[in-house]
Number of protein chains: 2
Amino acid sequence: MNGAASLVKTLLGGGLTTCFANPGTSEMHFVAALDEHPELRCILCLFEGGTSGAADGYNRMSDAVAATLLHLAPGFGNALANVHNALKANSGMLNVVGDHADYHLRFDSPLKGDVAGVTGTVSHWVRTADDARSVAADGAAALRAARTMNGQIATLILPANTAWEDADGPAEVSPPPALQRPSSEAIEAAAKALSQPGAALLLGSRAPYGETAELAGQIAAKTGCRLLADFLMRRMERGLDAVAMDRLRYVVDDNVGFLNGTTNLVLVGGTRPVSFFAYPGKPSTPEPADCALWELCGPGMDIRWTLEALADELGAGTAQAARVAGAVPEVPSGSMELEKIGQAIAALMPENAIIVDESVTVGRAIAPAFSSAPRHDLLSTTGGAIGQGLPVATGAAVACPDRKVIALTGDGSAMYTVQSLWTMAREELDVTVIVFANRGYQILRGELANVGVETVGRNAVRMLDVDDPLLDWVALARGHGVPAMRVEDTDGFVAALRRSLGVSGPALIEVVC
Amino acid sequence: MNGAASLVKTLLGGGLTTCFANPGTSEMHFVAALDEHPELRCILCLFEGGTSGAADGYNRMSDAVAATLLHLAPGFGNALANVHNALKANSGMLNVVGDHADYHLRFDSPLKGDVAGVTGTVSHWVRTADDARSVAADGAAALRAARTMNGQIATLILPANTAWEDADGPAEVSPPPALQRPSSEAIEAAAKALSQPGAALLLGSRAPYGETAELAGQIAAKTGCRLLADFLMRRMERGLDAVAMDRLRYVVDDNVGFLNGTTNLVLVGGTRPVSFFAYPGKPSTPEPADCALWELCGPGMDIRWTLEALADELGAGTAQAARVAGAVPEVPSGSMELEKIGQAIAALMPENAIIVDESVTVGRAIAPAFSSAPRHDLLSTTGGAIGQGLPVATGAAVACPDRKVIALTGDGSAMYTVQSLWTMAREELDVTVIVFANRGYQILRGELANVGVETVGRNAVRMLDVDDPLLDWVALARGHGVPAMRVEDTDGFVAALRRSLGVSGPALIEVVC
């Protein structure tokens, strides 16, 4: 057995089942070893940003770690933006990055690069395998690292000769270390803080869905505190009957207003709120200056235990969490208005859908309708690097083959990782992609105004607008093997959405707005 | 005047005229400053790999440095693969990478990342501006660095507040330091070595075109040494009447045979030949064990002076360089054969065209015809990270608006930076893109066989083939605003090529092969 075979058997034995791959020559022994194990599902992405974003989406919906298979430093570079986003989503991910045979690295070959350097900028854990006989143990350590602290970015660099030289056999993957928990004093202090007038409980990372969302809802019901969630979301439950919680805002001034009057802010699962960008004369952090900040439980700690302990301390076990009430909106009709598009999606989407949201500026108009949609999961952008939406939708659909995925994306954003459409078609993933074609980086138009530019000249227009020529999303989708339609009014959108939701498999709707 | 304005004026004053841009919020003040100076041409790329590849192509054809404008660590990550390729092409490039305002960096905002870390892995020079009043001097130093040693990767990190805070005014860009030259002893020794039986002069980087190619041809004529060029080429003159030189090969065994009998290998402009990858039991370096290696002049040294000194030493000034002789082939017809496609391109391409070659496996069949094409420049992949072809063609076309660019690319490769098609359409660049649709990573099929895999199972097939669904290149091109045709025989190809070469502007031909 060679090193590659020992590594594949180690990962399979450790419970890894899925690999999003974009391999090259230096990974061929690993590919050959994977070929012996069809039970490890290998999914090809035609660009590496698709692999890392898919591993992120897969982890968000399954909590299981997927692997990526990447080719040297440039391959990892292509994956980097979505590794960054996954890191900010606290996703666990195992990157296997091939490198040259170690003895080849003393020469300046074309693909030689700083693999450890570039992977280290976005990984919690990096190791370069140095022997075929230890690569199985390295793989076991990498998979454990990817599962540590709820989920980390672990990167194993695999010099080609450690894959092809002789190995002994697979290694066992040990469970990750126990999660850290807050002290009982910290729980007591936070419980007291939450009982003050003006208190808020802010959930991030793995907190705002599932049983932890229920626990948080009980705590809020018992104490009367506000229940909040981060603006950028790994995952959140939303829609009718979900535990009621309010999301932070994107715009600095909105957030300042949103948190105005907050006296105590208790953080569970997330980190301190901070403005997306700094602006001249505006604050970096939105909470009031006299607000006490309680960083009770970070994203890598034991979130569930923390909320249970808080609920116990407060005697909240019998409280009833407030839930989102209302009725699914009517199906709208008539001319194109973004609010109506939001309503149409809310009206027509099935129960238990997964919405992947990279709709950027458009999202502000369509999102309000989703609170009265059937209950669903929301996965939003996390690290701010655009091009996350289509890959995350890909990974979510792989993780949840029985659930409809709806990917909302701006046209500018979708272009960064447009190749994910092909993987959706190849794997027959049940994803409806809705591209909002506003034909430019509309958010940057707003940002340019924010910095005080009133008249926009040729250079700025040419850097912010994506018209001349217009992108034809129907052609782009078909080029990747995905059926598509363009709609220019609400009735057309409703018809296209009904059609795509009515069948399984990928489809794209271009909304001209 | 703010820091951004002082920086733009500095770069303009220093002779920078072109910026390939993919900006975000943290670059809005820089965008606003660019907007005041329409004489600095800003070209939008819809993905960052397009910016860095275009700056590379621009430098190869003009020897002038272009800027890229990128957005924080993830934006640079997206550009990284083609920065790597540009580095291996010895291209000069100035990356301006926005970052958060310095005071915002102490918070863990979504886009916070290790900008210095990731840029440092592929840059010769990195500096983070730390004050609006010194950012002009930083920009001047960066532009000088990009011009140093014939061309380097220089990266200036621009925290947003250094762009928006008050500055004094522009700075002056000083010329780069003088290029290093070999000692006279080294010239004498190399001249002696070249006069030995079995000697070869190997040209790399800036050597195999223009006056340096002529000088090298005279030296070869005088000494009788072989005149060779690197396999991966920044740029090379090829076709009828070009100085005759033979390129190294891609396949290890071919290269070993190619250099068999070489007694002395003198390197000018390039570095020691090394196999692209290591393979079990095969050598990393192709020259014979007893071949003397003379690393006379590296890519960052004074190549022209070196060749002049060598020619003087040898008294080669009146020698006549051997030139490529022959006749342009007839226009072929009939069924699809790659050799005929090569002949058709050679027969129909205009004098003085620029061929950008990322045709990978297909190239081996079509390339032989190009030696009897009209004289042209060849720009090949350099760093081995695929996705270089379309962006380099974009930059070459911007640099040389009066020359026809022909981009040859595999379908797998083209998908990595397919968004460059849109920039070609937007800027009306005169590029004919020829996509060889062999529907897979054919090179990896060969590599898998090289590692000893005889039967290929489901996982390997699914990672090497790009069919199911087929990519529709005509639709993909039209989606980006580029007219396109699919051809399935030689006659169809000839007609499509005639049409696209007969007009100015971008076009794409999908060759099903």
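The values are calculated or read from the model by the stated rules, or taken from the named source; none is laboratory data. The shown structure was predicted, so the numbers you read here are calculated from the model rather than taken from an experiment. Positions of Cβ are generated from backbone atoms using ideal geometry, with glycine treated the same way; all protein chains shown enter the neighbour counts. Note: areas computed on protein heavy atoms with side chains; ligands, DNA, RNA excluded. Shrake-Rupley method; radii C 1.70, N 1.55, O 1.52, S 1.80 Å.
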Does the stretch A:445-457 contain at least one residue that is among the polar types (S, T, N, Q) and open to solvent by less than 20 Å² (accessible area, probe 1.4 Å)?
-> no
Scan the stretch A:34-41 and give yes if some residue there is more than 26 Å from residue B:468 (Cα to Cα) and either assigned to a helix (DSSP H, G or I) or open to solvent by 10 Å² or more (accessible area, probe 1.4 Å) (or both), otherwise no.
-> no
Just a yes or no: is a residue in the stretch A:357-364 at pLDDT 95 or above and in contact with a Pro (Cβ under 8 Å, 6 or more places away or on another chain)?
-> no
Restricting the stretch A:251-286 to residues that are touching a Ser or Thr at 6+ places or on another chain (Cβ under 6 Å), open to solvent by less than 20 Å² (accessible area, probe 1.4 Å) and assigned to a loop (DSSP other than H, G, I, E, B), the residue that is farthest from the other protein chains (Cβ to nearest Cβ) | A:269
Out of curiosity, is residue A:67 surrounded by 24 or more Cβ atoms within 10 Å (Cβ to Cβ), more than 27 Å from residue A:421 (Cα to Cα), of a type in the set (Gly, Ala, Ser) and modelled with pLDDT of 95 or more?
-> no
Could you tell me whether residue B:425 is within 14 Å of another protein chain (Cβ to nearest Cβ), outside any loop (DSSP other than H, G, I, E, B) and farther than 25 Å from residue A:113 by Cα?
-> yes
The condition from (1) crowded, with 24+ Cβ neighbours inside 10 Å; (2) farther than 30 Å from residue A:317 by Cβ that residue A:234 misses is numbered (2)
Filter the stretch B:428-458 down to residues that are among the charged types (D, E, K, R) and closer than 19 Å to residue B:276 by Cβ and give me whichever is nearest to the other protein chains (Cβ to nearest Cβ).
-> B:447
State whether the residues of the stretch B:371-381 include one that is within 14 Å of another protein chain (Cβ to nearest Cβ), modelled with pLDDT of 95 or more, in a loop (DSSP other than H, G, I, E, B) and more than 22 Å from residue B:474 (Cβ to Cβ).
-> no
Answer residue from the stretch B:182-199, given it is touching a residue at least 12 places away in the same chain (Cβ under 8 Å) and out of contact with any strand residue (DSSP E or B) (no Cβ under 8 Å at 6 or more places or on another chain) and is most open to solvent (accessible area, probe 1.4 Å) among those | B:197
For the stretch A:211-231, the count of residues that are assigned to a strand (DSSP E or B) and open to solvent by 10 Å² or more (accessible area, probe 1.4 Å) equals 2
In the stretch B:6-33, what count of residues is obtained for those that are under 15 Å from residue B:66 (Cα atoms) and part of a loop (DSSP other than H, G, I, E, B)?
-> 5
Residues that are crowded, with 21+ Cβ neighbours inside 10 Å and more than 9 Å from every other protein chain (Cβ to nearest Cβ), drawn from the stretch B:464-486 = B:484
First in the stretch B:127-141 and under 11 Å from residue B:3 (Cβ atoms) and assigned to a helix (DSSP H, G or I), second anywhere and open to solvent by 10 Å² or more (accessible area, probe 1.4 Å) and of a type in the set (Lys, Arg), Cβ under 9 Å, 6 or more apart = B:136/B:9; B:138/B:127
Can you name the condition, by its number, that residue A:461 falls short on among (1) in a helix (DSSP H, G or I); (2) within 8 Å of chain B (Cβ to nearest Cβ); (3) without any contact (Cβ under 8 Å) to a residue 12 or more places away in the chain?
-> (2)
Selection from the stretch B:294-312 of residues that are touching a Ser or Thr at 6+ places or on another chain (Cβ under 9 Å), open to solvent by 70 Å² or more (accessible area, probe 1.4 Å) and in contact (Cβ under 8 Å) with a residue 60 or more places away in the chain | B:304
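Criterion first (open to solvent by less than 30 Å² (accessible area, probe 1.4 Å), out of contact with any Ser or Thr (no Cβ under 7 Å at 6 or more places or on another chain) and either in contact (Cβ under 8 Å) with a residue 40 or more places away in the chain or among the small types (Gly, Ala, Ser) (or both)) does residue B:158 satisfy it? Even if it seems obvious, please write down each step before you answer.
On the way: open to solvent by less than 30 Å² (accessible area, probe 1.4 Å): yes; out of contact with any Ser or Thr (no Cβ under 7 Å at 6 or more places or on another chain): yes; either in contact (Cβ under 8 Å) with a residue 40 or more places away in the chain or among the small types (Gly, Ala, Ser) (or both): yes.
Here the answer is yes, as residue B:158 does meet what is asked.
Return a yes/no flag: does the stretch B:84-98 have any residue that is facing another protein chain (nearest Cβ under 8 Å), of a type outside the set (S, T, N, Q) and not in a loop (DSSP other than H, G, I, E, B).
Looking for residues that are facing another protein chain (nearest Cβ under 8 Å), of a type outside the set (S, T, N, Q) and not in a loop (DSSP other than H, G, I, E, B), one finds at least one in the stretch B:84-98, hence yes.
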For residue B:430, the lone unmet condition from (1) touching a strand residue (DSSP E or B) at 6+ places or on another chain (Cβ under 7 Å); (2) within 21 Å of residue A:423 (Cα to Cα); (3) open to solvent by 10 Å² or more (accessible area, probe 1.4 Å) is (2)
If you scan the stretch B:204-233, which residues turn out to be among the hydrophobic types (A, V, I, L, M, F, W, C) and within 17 Å of residue B:324 (Cα to Cα)?
-> B:213, B:215, B:216, B:219, B:220, B:221, B:225, B:227, B:228, B:229
Can you find even one residue in the stretch B:433-443 that is under 22 Å from the mean Cα position of the chain (by Cα), of a type in the set (Phe, Trp, Tyr) and assigned to a loop (DSSP other than H, G, I, E, B)?
-> yes
Residues located in the stretch A:1-13, provided they are out of contact with any Gly (no Cβ under 8 Å at 6 or more places or on another chain) and either hydroxyl-bearing (Ser, Thr, Tyr) or open to solvent by 10 Å² or more (accessible area, probe 1.4 Å) (or both) | A:2, A:5, A:12, A:13
Of the residues in the stretch A:410-422, those that are outside any helix (DSSP H, G or I), surrounded by 24 or more Cβ atoms within 10 Å (Cβ to Cβ) and at the interface with another protein chain (Cβ under 10 Å from one of its Cβ atoms) come to A:418
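The rows are residues; the columns are (1) at the interface with chain A (Cβ under 7 Å from one of its Cβ atoms); (2) farther than 19 Å from residue A:463 by Cα; (3) among the hydroxyl-bearing types (Ser, Thr, Tyr).
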site	(1), (2), (3)
B:52	no, no, yes
B:63	no, yes, no
B:77	yes, yes, no
B:102	no, yes, no
B:105	no, yes, no
B:130	no, yes, no
B:134	no, yes, yes
B:150	no, yes, no
Matching residues, the stretch B:313-345, being in contact (Cβ under 8 Å) with a residue 40 or more places away in the chain, open to solvent by less than 20 Å² (accessible area, probe 1.4 Å) and touching a Pro at 6+ places or on another chain (Cβ under 9 Å) = B:341, B:344
Could you list, in sequence order, all residues of the stretch A:484-509 that are part of a loop (DSSP other than H, G, I, E, B) and out of contact with any helix residue (DSSP H, G or I) (no Cβ under 7 Å at 6 or more places or on another chain)?
-> A:488, A:489, A:503, A:504, A:505
